[in-house]
Amino acid sequence: MRLSDSRVNHGSMPASLLGLLACGHGMAFIDRYLPAVAAPLLRANLGLSDTQMGLLDGPAFVLLYGVGMLASWPLARSPYRLRLLAGCIATWMLGMAVFALGNSFGVLIVARALVGLGQAAFVPLALGLIVDCSAPRWRARSMALFTAASSAGHSLSMLLGGATLALLAKWTSVPAAAHWRWLFLVMAAPNAVLILLLLRRAERPYAPSLPPGRVFSQMRAAFRESPWVMSMYLCGAGASMLVIQSIGAWAPSVLHREQGLTPATAALVFGASLLVAAPLANFIAGTLVDKRGEKLPPMTIMAVLLLMAVPVFWFIPWSTSAVAACVLLTAAWLIGAIAAVTLLVGLPSMLSAPLHDMGLRVFLTFVTVVGVALGPLIAGVVSDGMHLGTHGLSWGLSEVCLGAAIVGIVAALLSRSIGQRVAIEAAR
């Protein structure tokens, strides 16, 4: 079942607004990944284990993520969406400040939950604006631009975070134990500028929405129509996200602990690599979805990519130099990112227009819980449990990514009908 794909003011979204939303997404990911940048300092200052760091990177962040996704859904058709987006940024800024001032693991958990809450509401609200105001033939690429900002934010988190730590160590009298605290305060400050810019923008028109009851009934009907396709689609997306979140959370620590780089240098090196890989991944994914033929559904693209990544995952623990390790980690992240973004931007073609917003929320909630919460945590638990010294982290990371790749490939093989489904929906 698919209704006509009517939108509000096709092609009417100004490039400046799309850029502003993308900047917000980038800032969200800069702030989201700072614990990975500061991991060695946090471990040393507060005596945290790999498992506890995994908890901060993943489960703590998604603690209120589902709440934010669901709570913000009734606001998706608010006439004040830009003001709501500004409020989301203010919420995760507060979380950043609490994290910087925290002196216990429990306080850090609460702070990360606040960051997750704000970002959970921001992403679907911004995506809803983009889907509403973009012409169908440009929608996937507009969404890919938005997601590209998140990938760029990931790399900039490493670059700017590493540079900030290096400057703090060289040019300030701040005690080394407090460098990670100042890092979070400094990196939170630019969000205030973004809030002011959003508040100065004129609100965009919005599409009339169906009553919540009808949306839920249509979502249930869409799932009942093809439960196997929908389930396997989410499974493949979760597996792809788990790969990139695990690598993103632990790559700087691998370069620091196993290859001897300082925390600042490890973050800078991996961040510079992602600065190249991030836009490439999103450009490839958006182009593939917009220009794919009937015989190339998103799930097939994802399966081929994860199959290509298997040997890369395997060789990561065998790296004998920082350069080799960084190249392999970046290649693995790049392949996983193309797979994940392909499934994200391909989702609207599977749903009727009234279900786009709720469908994106379900998708984002699922992949965030699976990828962000479980990936870093499982890798940390496996690392602590393997007792392999400095190389336990890379082996744990490799095994988690290999397992996720197998799950994604199997999901694609078990959903052969998805190619026909997506082709039919895209042709309507």
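The values are calculated or read from the model by the stated rules, or taken from the named source; none is laboratory data. Bear in mind the structure is a predicted one, so any value in this text is a computation, not a measurement. Counting neighbours? That spans all protein chains shown, and the Cβs are built from the backbone with ideal geometry, glycine included. Quick note on the areas: whole protein, heavy atoms, side chains included, nothing else; ligands and nucleic acids left out. Shrake-Rupley method; radii C 1.70, N 1.55, O 1.52, S 1.80 Å.
Taking the range 36-54 as the range and being closer than 16 Å to Val381 by Cβ, in a helix (DSSP H, G or I) and of a type in the set (Gly, Ala, Ser) as the test, the residues that pass are Ala39, Gly54. Of the residues Ala264, Ala309, the single one that is surrounded by 24 or more Cβ atoms within 10 Å (Cβ to Cβ), over 18 Å from the mean Cα position of the chain (by Cα) and closer than 30 Å to Trp180 by Cα is Ala264. Take the conditions at pLDDT 90 or above, under 29 Å from Arg83 (Cα atoms), open to solvent by 70 Å² or more (accessible area, probe 1.4 Å) and outside any loop (DSSP other than H, G, I, E, B) and apply them to Leu183. Does it pass? So Leu183 does not fit the description; no.
Scan Ala152, Ala120, Ala188 and give me the residue that is among the small types (Gly, Ala, Ser), surrounded by 18 or more Cβ atoms within 10 Å (Cβ to Cβ) and at pLDDT below 85.
Being among the small types (Gly, Ala, Ser), surrounded by 18 or more Cβ atoms within 10 Å (Cβ to Cβ) and at pLDDT below 85 holds for just one of Ala152, Ala120, Ala188, which is Ala152.
With respect to the conditions (1) within 23 Å of Leu20 (Cβ to Cβ); (2) surrounded by fewer than 24 Cβ atoms within 10 Å (Cβ to Cβ); (3) within 20 Å of the chain's Cα centre (by Cα), Ala113 falls short on a single one, namely (1).
Cβ-Cβ contacts under 7 Å between residues 6 or more apart (or on different chains), taken from a first residue in the range 213-226 that is of a type outside the set (Asp, Glu) and at pLDDT 70 or above to a second residue that is surrounded by fewer than 17 Cβ atoms within 10 Å (Cβ to Cβ) and part of a loop (DSSP other than H, G, I, E, B), are listed as Ala221/Met1. Could you tell me whether Gly375 is assigned to a helix (DSSP H, G or I), open to solvent by less than 10 Å² (accessible area, probe 1.4 Å) and modelled with pLDDT of 80 or more? Yes; evaluated as a whole, the condition is true for this residue. Residues in the range 77-101 that are among the aromatic types (Phe, Trp, Tyr) and in a helix (DSSP H, G or I): Trp92, Phe99.
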